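Read the structure below first, then the notes.
Read the figures in this text as sums done on the coordinates, not as results from a lab. Values in this document were obtained by computation on a predicted structure and should not be read as measured data. In this analysis, Cβ positions are derived from the backbone assuming ideal geometry, glycine residues included, and neighbour counts consider all displayed protein chains.
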Amino acid sequence: MAGTTITVSGMTCEHCVSSVKEEVGEIPGVTAVEVDLGSGRVDITSDGPVPADRLAAAIDEAGYTISG
């Protein structure tokens, strides 16, 4: 098991949260995605490391960007 935490900017509502959870959850190996709307924090649990480019592509597909 591996854990990754990122901060996503641009989310403003529960629909945004759902979009991020859906896109990140489709990455092979991801087993759980928790999103905190207020802080933009996204905690990802996976079977192994998630490649940064796959993660960035999923967040982009959802319509948002990774901060920092």
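Taking first residues from segment 7-18 that are farther than 14 Å from Ser67 by Cβ and partners that are surrounded by 12 or more Cβ atoms within 10 Å (Cβ to Cβ) and aliphatic (A, V, I, L, M), the Cβ contacts under 6 Å between residues at least 6 apart in sequence or on separate chains come to Val17/Val35; Val17/Leu37. Considering segment 22-68, the residues that are in contact (Cβ under 8 Å) with a residue 60 or more places away in the chain and over 10 Å from the mean Cα position of the chain (by Cα) include one that is surrounded by the fewest Cβ atoms within 10 Å (Cβ to Cβ), namely Gly68.
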